[in-house]
């Protein structure tokens, strides 16, 4: 797992089959299967971290924006709450909610992407 962010309640890491390089997942450290299961006292801090990660992915990947999404039960490949943060660029070819997934070309590419997002999180946390 290539961690890009971690605090007391959540951990963010690179998706191993990203839509685009920089595609991350943010999960709560405690087990909650779906968004509906997330306790009220964790909603604000968890989504504050989603917001931070979305800003960091955009900044770190020099993207035009991000796509932020989650599945609850249907199409949820892992029964643990997780939020996808995908970097977007104009005319990147992503259409609708279905897209191909690709592995990183090499470990070095994943290392560079991981570093860029971690540095962006550090910059945004100041």
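Of the residues 62, 83, 50, the one that moves most in a GNM of the chain with alpha-carbon contacts below 10 Å is 62.
Our summary gives region 8-126 a relative contact order of 35 percent, counting only alpha carbon pairs under 8 angstrom and 6 or more residues apart. The distance between label points at residue 115 and residue 47 comes to 3.5 nm (points 7 Å beyond Cα on the Cα→Cβ vector).
Select one label from (i) 42, 31, 26; (ii) 36, 36, 26; (iii) 43, 35, 30: the one whose number is Cα extents along the principal axes in Å as derived from the coordinates shown. For Cα extents along the principal axes in Å, the calculated option is (ii).
All of the numbers you see were taken from the coordinates with simple rules; none came from a lab. This one's a predicted model, so the numbers in the text were calculated from it and none came from an experiment. All Cβ positions, glycine included, derive from the backbone under ideal geometry; neighbour counts span all protein chains shown.
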